[in-house]
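This report concerns only the one structure given below.
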Amino acid sequence: MRITRREKLLNYLVLCLFTAVTLVPLIGVLLSALTPRDQSGPGFTVPDRLDFGNFVTAWNEGNFSSYLTSSVIVTTATVAITMVLAVPAAFAFARFKFPGSKVIFFVILIGLMIPEEAFIIPLYYNLRGAGLTDSYWSLILPQAAWSLGFTIFWMRNYFLSFPGTIIEAARLDGAADRKILWHVLLPSARPAITTACLLVAMWTWNEFLMPLVMINSESMRTAPLALAFFKGQHITDYSLLAAAGTLIALPIVLLYLVMQRHFIAGMLSGAVKG
Amino acid sequence: MKISRKNSAVAFAVGAMVIASATGCAPGSGNASAPVSASHSAVSKDVAAAGKVTLTVWDQNTDGGINAAQKKLNSEFEAKYPNVTINRVSRTFSDLKTTLKLALSSNTPPDVIQANQGYPDMGTFVQAGMLQDVNRYADAYGWNSRYPSALLDLNRFTPDGKTWHTGNLFGVSQTGEMVGVYYNKTLLSKLGLKAPTTLDELQSDMAAAKAAGVQALSFGNAEKTPGIHIFGTIQDATAGKKAVRDLVFNTGGKWTDPSTVSAAKTLADWTAKGYVSSGSSGVSQDAAAAAFGKGQSLFLVQGTWELATLDQALGKQVGFTVLNDPTSGQPATMGGEGLAWAVTGKAKQPDVAAAYIDFITNANASQVLVDTGNLPAVPPADWAPKTGSLEADIAAQWKKLNAADGLTPYLDYTTPTFFDTLTARAQNLIAGQDSPDAFTQALQTDYAAFQAKK
Amino acid sequence: MTTTATRPKTNRASKTPGWRNHREHKSRIQWKGYLYVLPALIVFMAFLGVPLLQTAWYSLWDWNGLSAATWAGVANYAEIFTDPGLLGGFAHVGILIIFYALIPVSLALVLTVLMSRAARMRGASLFRSLLFLPQVVPTVVIASVWVSIYAPNGLLNQVIAVFGVHDPATAWLGTISTALPAVGMIGTWLGIGLCLVLFVSGVSSIPTELYESARLDGAGAVREFFSITLPGLRGHIAVALTLTATTALKSFDIVYVTTRGGPGTATTVPAYEIYNRAFGTNQVGSAAAIAIVLTAFILVITVAISKIQPKEPQE
């Protein structure tokens, strides 16, 4: 069926309008971040010259190198631990038959649905009792546990969809299950794994409540939290705030721009966590 | 995917089993924190002998002038004692308030903190053993003679944290504070007005400003604390210092007494007349001070912590005044001292922490504070700012106020929940959501509940 | 339980005869399955499962987080349903769901109809990635952006001034009547791109023959929408509603950064109340009870939404 010219025009018009609505606040931040501090205000202004110095000032005054380092450490470790735990489990849920497998799967899936407020209070007291609060582990382990729901769900779907004939062939060649997972399934699962890694990375990077509760030491604070406190201290310094916001959003936005296909695929497929 | 009903039942049963095993006892019964031991070792003032120490300090000195002072004092302390490293964490008042309790209850709390006086913060912390009493340091460093007893009493609590204003000393303060009325001299003389000393004068000045098309007042209440300051200022000038002290110190009176209701009516009236904008809860106090600093309004009701900022913005154009107590005719206003510098219960080197607190509050520190545009709790004896400067106004008012014994405590000290109640209700009152009666009734309900529990 | 999910297309392969069927032939139990699952299960239970159950347990106690607790029974729950402040918080969430979920979903549906086959246009993927961008930006950053947009001299008032309305500049987040809708509009902005992307891609998977034959039958645009587009998008609508509604229910960080529940109590939400009570005002048991009610709320809504979803073949 053909698309008429008028329809096409209308389509572009609607898309452009809503893309503009979506982008204006984000472009506003970028512009504001580049506005010299003496001209800055909360409104949308086009600066008469671009001032990259705000980034330097925010970086130094806000101590963001330390916060971004913390964020990178926590995010990387959370993704790694989540994947190491989730892939074998997903494989077993898809591949093996053992009593209670569905119940266990169901229990872990709870992580997909519940808000973190539902477990963070006792978690805090438990971790404090174990001497783990105010350490990277108090962020990494709970966030890995929380991400297992989605990751196992996602990887299991992938393993279920894998053509059975290939597995049969490998099995007839005498490959053990471990080998099948490692040498047959995983190499072709790279896109699925990438998607899972990216989403877990994004959730961990953007997480706010967990580090707010678990971390006291400035040296272990993650970037979003640092921004919230930075905002309190520079409430009228709009350029500086915008620069700081840009700095902490940048890594994840860049990742998104490079790998957007994975992000969108994952988010639209049952990622009810967020 | 679907899970059958039977499977869900199994899952539920497993869950029930886990809960039974995991939570066999009441929360808190296992990990009751050990109370801080009452017997302290002898005080050592020798910081250099303490070995390598990292002192983690949480302060709220983020505003321009006081931040400069704190930076300078910290580096001086580190220079004097190279074995000590200060790990400074600086937050705004509200960010500090929301995170401090979590930090103090952790296994690795900061060593020195700034605690807000009164029941909501200091009382709670003392009750939980999160702060050490500093009586022994007060003796060693002579704090008891450095400060007037009225200021020391604000930092006192009984060891159980249940009664404020008496008992052990839990900290000392660095800055003096008073809330008053900043005025723009240029605008004032243009309007042919003079600086107000009574509430009536202030109100007639504001009316005159409004009639002349000048914005009467800058007010931003996004942080919620400015609501305390503006209401308190009116209440002091309406009910008088004795009534306010009785209420906050829990020694008598009701929040629904006619004079307090009348103060609430005045504030509501200010909104109705447009002096206070009903959207002020969306304007930060920094933005309001900045607007006043640009000469956009005649008055700003704020504390002396804005001294450096306003001095920089307006120079000799800005003045500071305090309203009078209606009964005595002497100045009376809310204030006293900045947040108390306290040693936490788990501080690893309490002696070093106390030496640090002494260092940032002693006479030398007062001089640094004055030099950077701050009001110290105990100003240097020879403090003589340039006449006509904002600093001179503040110095003069501070002297007068103390001579007249005119300081009243901040209202949020009143009960453990009073900060939340008062700030939320004040926003409602200013927005016209609560009537003055509903406002004072809500305060009284909170007050009565606390007194019933005591 | 049903998870609302559009399944990856590749999933169809699982229905083809293959290794799964083969597995079912031999009924011996593969005990090693536990070995693969156990590490994940242990971490899950230690850091999420057990704490979740403990929350339920805590909610039955009156505990200040410091000393030993005293038994409270259902008193904490009774408080939720009698305290006007707490009830208000849940009411606010109800309003937020309208802004976060219902408005973006309906708006996106209308737009999708307007541009029924936009997915096949040139540049569609560019639009898709741009519309999706807000989803990946940290909420804290988004909230700070909107704080300046809503400021008295911010972008929103600038735009209004362009249209010649000379109101005194409104502090949108600081005015009791506008604060909650203002917080809600952030959610609308967040959700609209997500819903558009979802629905446009959904429409593209509806066979064009359906539309062609409907038009041959003389169906108008309205009938086309109700008989073809809407049923075809059921799954996508369910996903969109779940994603956006749960975001509204978990709106802790947006409220923390924009209003902290104010002005007055105009924007209090349960998520913020939980934090404040548990870690601010020493009411741990009460906070736990609110958490449990909030969780129940989320589960009920998720299950209700999943009813929209077309039935899927049993695995």
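The values are calculated or read from the model by the stated rules, or taken from the named source; none is laboratory data. From a predicted model like this one, the values you see are computed outputs, not experimental measurements. Cβ sites come from the backbone with ideal geometry, for glycine too, and all protein chains shown count toward neighbours.
Miscellaneous remarks
- Within the range A:146-173, considering residues that are at the interface with chain C (Cβ under 8 Å from one of its Cβ atoms) and outside any helix (DSSP H, G or I), the one farthest from A:Phe106 (Cα to Cα): A:Pro163
- At least 1 residues being surrounded by fewer than 24 Cβ atoms within 10 Å (Cβ to Cβ) and modelled with pLDDT of 95 or more is the threshold, and among the strands (runs of 3 or more DSSP E) wholly inside the range B:312-362 those reaching it are B:318-321.
- Within the range C:266-281, residues that are over 15 Å from C:Ile254 (Cα atoms) have Cβ atoms under 6 Å from residues that are not polar (S, T, N, Q) in these pairs: C:Arg277/C:Ala287; C:Ala278/A:Ile121; C:Ala278/C:Val284; C:Ala278/C:Ala287; C:Phe279/B:Leu102, counting only partners at least 6 apart in sequence or on another chain.
- Of all the numbered requirements in (1) touching a residue at least 40 places away in the same chain (Cβ under 8 Å); (2) within 30 Å of C:Met115 (Cα to Cα); (3) assigned to a loop (DSSP other than H, G, I, E, B), C:Gly187 misses one, and that requirement is (3).
Results for (1) basic (Lys, Arg); (2) modelled with pLDDT of 90 or more; (3) exposed (fewer than 12 other Cβ atoms within 10 Å of the Cβ), shown as yes or no for each residue.
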{"position": "B:Ala9", "(1), (2), (3)": "no, no, yes"}
{"position": "B:Ala38", "(1), (2), (3)": "no, no, yes"}
{"position": "B:Ala69", "(1), (2), (3)": "no, yes, no"}
{"position": "B:Lys72", "(1), (2), (3)": "yes, yes, no"}
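- In summary, B:Asp382 fulfils each of the numbered conditions (1) modelled with pLDDT of 90 or more; (2) closer than 21 Å to B:Arg146 by Cβ; (3) not aliphatic (A, V, I, L, M) with the single exception of condition (1).
- Scan of the range B:369-387 for residues that are farther than 16 Å from B:Asp63 by Cβ and within 18 Å of the chain's Cα centre (by Cα), ordered by number: B:Ala377, B:Val378
- Out of C:Ala289, C:Ala296, C:Ala240, sole residue that is of a type in the set (A, V, I, L, M) and under 28 Å from A:Asn11 (Cβ atoms): C:Ala240
- B:Ser106 being in contact (Cβ under 8 Å) with a residue 40 or more places away in the chain, at negative phi, within 9 Å of another protein chain (Cβ to nearest Cβ) and of a type in the set (Gly, Ala, Ser): no
Quick grid of which residues meet (1) touching a Leu at 6+ places or on another chain (Cβ under 7 Å); (2) at pLDDT 50 or above; (3) within 17 Å of A:Arg156 (Cα to Cα); (4) at the interface with another protein chain (Cβ under 7 Å from one of its Cβ atoms):
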{"site": "C:Thr4", "(1), (2), (3), (4)": "no, no, yes, yes"}
{"site": "C:Arg12", "(1), (2), (3), (4)": "no, no, yes, no"}
{"site": "C:Thr16", "(1), (2), (3), (4)": "no, no, yes, no"}
{"site": "C:Asn21", "(1), (2), (3), (4)": "no, no, yes, no"}
{"site": "C:Gly33", "(1), (2), (3), (4)": "no, yes, yes, yes"}
{"site": "C:Ala40", "(1), (2), (3), (4)": "yes, yes, yes, yes"}
{"site": "C:Val43", "(1), (2), (3), (4)": "yes, yes, no, yes"}
{"site": "C:Leu53", "(1), (2), (3), (4)": "no, yes, no, yes"}
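- If the condition is being over 18 Å from A:Ser219 (Cβ atoms) and part of a loop (DSSP other than H, G, I, E, B), then the range B:47-77 contributes B:Val47, B:Gly51, B:Gln60, B:Asn61, B:Thr62, B:Asp63.
- Candidates A:Leu15, A:Leu50, A:Leu30, A:Leu9: the one that is surrounded by 20 or more Cβ atoms within 10 Å (Cβ to Cβ) and either out of contact with any helix residue (DSSP H, G or I) (no Cβ under 6 Å at 6 or more places or on another chain) or free of Cβ contacts under 8 Å to residues at least 24 places away in the same chain (or both) is A:Leu15.
- Flag for B:Pro409 being touching a residue at least 60 places away in the same chain (Cβ under 8 Å), away from chain C (no Cβ under 13 Å) and touching a helix residue (DSSP H, G or I) at 6+ places or on another chain (Cβ under 7 Å): yes
- Helices (runs of 4 or more DSSP H) fully within the range C:210-301 counting 3 or more residues that are among the polar types (S, T, N, Q): C:234-249
- Enumeration of residues in the range C:149-164 that are crowded, with 24+ Cβ neighbours inside 10 Å and within 7 Å of chain A (Cβ to nearest Cβ): C:Ile149, C:Ala151, C:Gly154
- Members of the range B:201-232 found to be farther than 13 Å from B:Phe292 by Cβ, touching a residue at least 40 places away in the same chain (Cβ under 8 Å) and assigned to a loop (DSSP other than H, G, I, E, B), listed by number: B:Asn221, B:Ala222, B:Glu223, B:Lys224
- Some residue of the range C:209-232 being over 27 Å from C:Ala124 (Cβ atoms) and in contact with an Asp or Glu (Cβ under 9 Å, 6 or more places away or on another chain): no
- Taken over the range B:171-193, the criterion of being in a helix (DSSP H, G or I) and either crowded, with 24+ Cβ neighbours inside 10 Å or among the charged types (D, E, K, R) (or both) is satisfied by B:Lys185, B:Lys190.
- Hits in the range B:126-143 (condition: buried (at least 24 other Cβ atoms within 10 Å of the Cβ) and either in a helix (DSSP H, G or I) or outside the structural domain of B:Val343 (by TED's automatic domain parsing) (or both)): B:Val126, B:Tyr137
- Scanning the range B:78-91 for residues that are surrounded by fewer than 19 Cβ atoms within 10 Å (Cβ to Cβ) and outside any strand (DSSP E or B) turns up B:Glu78, B:Ala79, B:Lys80, B:Pro82, B:Asn83.
- Any chance B:Arg146 is touching an Asp or Glu at 6+ places or on another chain (Cβ under 9 Å) and in contact (Cβ under 8 Å) with a residue 12 or more places away in the chain: no
- Selection of the range C:48-92 for residues being over 15 Å from C:Gln283 (Cα atoms), touching a residue at least 12 places away in the same chain (Cβ under 8 Å) and of a type in the set (Phe, Trp, Tyr) yields only C:Phe90.
- For the range B:233-270, filtered to residues that are part of a loop (DSSP other than H, G, I, E, B) and of a type in the set (Val, Ile, Thr), the residue that is nearest to B:Lys454 (Cα to Cα) is B:Thr251.
- Residue match in the range C:128-143 (condition: farther than 23 Å from C:Ala245 by Cβ, within 13 Å of chain B (Cβ to nearest Cβ) and surrounded by 14 or more Cβ atoms within 10 Å (Cβ to Cβ)): no
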